Structure formats: C-alpha cells, structure tokens
Amino acid sequence: MNRKVLLGGAFITSALYLYSCGGTSSSPQNVDLYLTDAPASDFPSIVVNVKEVSLCNTGTNTCHSLYKSSTGINVDLTQLNGVMHYVGSSTVPSGNYNRLKVRISQYATVVDNQGNQNNAVFNPDSINQNGRMQNIPNIVQCDQNTQECVISFNGAVNPFAMGKLIVDFVIKDMEIDTTTTPWQITKLKMKPLTPKSEDDMKNIYYEFYATITDIDSVNNSVTASWKNTNYSVSLTDTTVCEVNDVNYIGASNCIAQLQANYCAEFKVKEDPAQNTNLTAIKIELKGQGKCEGEGDDENYSSNAREMIGTVQSIDTNNNTFTIDSYSNPISVTNSTVCEHYPQIGKYAYGMDCLTNLQTGWRVEVKINANDEAISIEREVETYPDDS
C-alpha cells in the first residue's frame, strides 16, 4: 500500500481577512496580487511554479489574468507564513467574478528532513473520459500535453474594495505519496482572501524578489528592480542579510556582502505594491533565476539543509540543541538568527536564540555542513500582538 503523508501544519485564518464577496466596479481598477500560506509540519520546503492567476466570470465565459508568465514564478509555499509574497499588479475590467483560477506547473520540488530534494508531480484528482479538464473547485486538474495543472475556487470574488487579492494556499490538506518516483502530490487547495482595511495590514510583512542593480555603501541602501519598478531599499542596524549560508547583522556588515546583478529575496514592512522606498528586515541573496521567473539559483551555491522537528533538548553549556528529526546536536553560533514569531518579524540573534528556545517547540531549522544553525523559526498557529 502506498504511504501518503498528510501535511498537518496549523492553518491560520486571520481576522485580518474576509472571504471575498461579489461586487461591481464602475471602471477598470488596479489589483495587487499576493501569495500566502500557513506553515507545513512535515516538509521544510515545497516549491511550486505559478504560471497564471486569473479572475473569471462563468456567465460570460471570460477570464482576466492578474499574473501570467510562460516561465512562471517559483514560490516555496512553506515560507509564506505571516508573509505576503508580492507577485505583481494589473488592471482588471469592472464586473462580477465568480471563479479564481491558478495555473501551475505539473512539477514541483519537495525537500525532506534529510535535506534531499525530491522531484514531485501533481497527480490529477479528476479528468473526464476524453482527458479534458473539468472545472471542479479545489481539485487539481492536469493536462498531460502541456504538463500544467489548474486549481479553481468557485464563488464570488471581489478584489476591488481595497484593490488587493491574496491567494491563500492550504498545504495542510496536501497529500504527498513518497513511495512513487517521482513523488505524487494531490489535493492542493487555495482560496481568495481580501483585507478589510489598510489598518488591518499593519502587522503583515511583505516579501518579493528583485535584482540588485546598485549598492550605496555610504547611505546603506540598495537599488533593486522587479517588473520594471525600481525600489530604494534602506538597511538598518537590525537588518539581516543571509549570504552564502551566513547571516550578517546590521547595515554595514550586510551591505559589504551584497552583490549587484544578483537576485535577492527582500522581506520588508512596507507594501511593495504601494511604495518604492522600503526598509529591509531581511535580505537573502539568490541566483538570478529567481527574478527571471525560472526559479533556479544560477550562479549561487548553497550547502544549507532545512528540516522541521520538535525540540527535544537544550544544552546551554555546549550551545547546542536537538530535534527529533535529526540525530546530531545542532550548534547555535553568534550569527544564528531566530524568528520565533515570524508573523510580526521579531528576531533574536546568537545565543539569545538558545535562551529563548523551549523544548517541545516545533521549529524549522536551516543548518550548514558543520551542523551550525543558520536560522531557527518557530512553527506556531498564533502570534502575540505587535504592539
């Protein structure tokens, strides 16, 4: 019998959002598109390639793309907890919409707790007899010819109230059959969310990919470009830069490690859809492929391993801790960064990570080849207020 793993990570339905409701708009409006999710508890990384997000009206048989790319954008669904990943903005014609469709590549990458990258394929839950995809809500529909899949949400969708649409994936219900080659994924669900007000977004952090085009070490800032928009990103004393599996804390330490013409994942407080002057919470250097939509980290190497487990023991004398999914003690160093409350971006550094750690916590840990913790992130369902 094939073994299936049910991703049992806690799912957050925040009070900040309402399920989208139907509505009309008197004129075409701009819509900002974001992706989000809750943490998964079994796999530290599930990367999917999103090729298109569309709003549809089944009555008029029309669809309008909020995002569309032949190469797509690779997004790690397990890294979207408490974060809005900004995809882009587009103008949508006025009218009523009653379906949200997300088109993805049939192929994905899943990292297990041993740090191994496993090829995975979305196995269609349902196709009709002639092989054509049906519009069944939240059922993965795959076209073997195009090697793409579609997930649909049926119901009124209104992105016009604030001009923001958040696609919330529900990977806690995803099933992965790890006994096949490649692994098979089924039952990926998603739904649209819209914020009630700008004030409700104040504790939300944003991330996006952008290519670093200029570095200003005098003013501790970088210029970065994404989708023909140039951003001025300031670094502060608390900014963290992860470069070559090492954390550099503070503007001067950070900026000395950054490189122009590289892609970076920026985590910021300000909404990149509304602001071009941003303040970096964290910058993680990537390969240019991330920004070009191909998703690969070309010209960038990483030997880090990511794993998820429950903290079993803490040894403050040797500055180590253990988790149930890994046999070796994990060391905490001065450059370790921990994010116990990722929704509100609260970091601790160095030995404070060990002091704040507690046995029984479910954590995601990134380690280097020497079993040293690069980062520790607590996997929790709710977070304290950012007041």
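So which residues in the stretch 218-234 are of a type in the set (S, T, N, Q), surrounded by 14 or more Cβ atoms within 10 Å (Cβ to Cβ) and modelled with pLDDT under 95?
S225, T229
Of all residues in the stretch 126-149 being assigned to a loop (DSSP other than H, G, I, E, B), under 25 Å from the mean Cα position of the chain (by Cα) and surrounded by 15 or more Cβ atoms within 10 Å (Cβ to Cβ), which is modelled with the highest pLDDT?
By that ranking, first place goes to V140.
Taking the stated definitions as given, is I255 over 19 Å from the mean Cα position of the chain (by Cα), among the hydrophobic types (A, V, I, L, M, F, W, C), more than 23 Å from G72 (Cα to Cα) and not assigned by TED's automatic domain parsing to the domain that holds E52?
yes
Could you check the stretch 163-188 and list, in sequence order, the residues that are modelled with pLDDT under 85 and either under 22 Å from V83 (Cβ atoms) or hydrophobic (A, V, I, L, M, F, W, C) (or both)?
V170, I171, K172, D173, M174, L188
Do we find that S152 is assigned by TED's automatic domain parsing to the domain that holds Q257 and modelled with pLDDT of 85 or more in this structure?
no
Name, by its number, the condition in (1) closer than 29 Å to W183 by Cβ; (2) over 15 Å from the mean Cα position of the chain (by Cα); (3) polar (S, T, N, Q) that does not hold for N74.
The one condition N74 does not meet is (2).
What are the residues in the stretch 167-189 that are surrounded by fewer than 22 Cβ atoms within 10 Å (Cβ to Cβ) and either within 16 Å of the chain's Cα centre (by Cα) or not in a strand (DSSP E or B) (or both), if any?
Hits for the stretch 167-189 are V170, K172, D173, T178, T179, T180, T181, P182, K187, K189.
Please go through the stretch 358-381 and give me each residue that is outside any strand (DSSP E or B), of a type in the set (V, I, T) and more than 19 Å from the chain's Cα centre (by Cα), ordered by number.
T359 - this is the single residue of the stretch 358-381 that is outside any strand (DSSP E or B), of a type in the set (V, I, T) and more than 19 Å from the chain's Cα centre (by Cα).
So in the stretch 190-206, with the set limited to residues that are touching a residue at least 40 places away in the same chain (Cβ under 8 Å) and among the charged types (D, E, K, R), which one is surrounded by the most Cβ atoms within 10 Å (Cβ to Cβ)?
Ranking the qualifying residues of the stretch 190-206, first place goes to K191.
Can you pull out the residues in the stretch 285-301 that are modelled with pLDDT of 55 or more, part of a loop (DSSP other than H, G, I, E, B) and surrounded by 17 or more Cβ atoms within 10 Å (Cβ to Cβ)?
K286, G287
The values are calculated or read from the model by the stated rules, or taken from the named source; none is laboratory data. Bear in mind that the values here come from a model prediction, so they are computed numbers and not experimental data. Backbone-built Cβ (ideal geometry, glycine too); neighbour counts: all protein chains shown.
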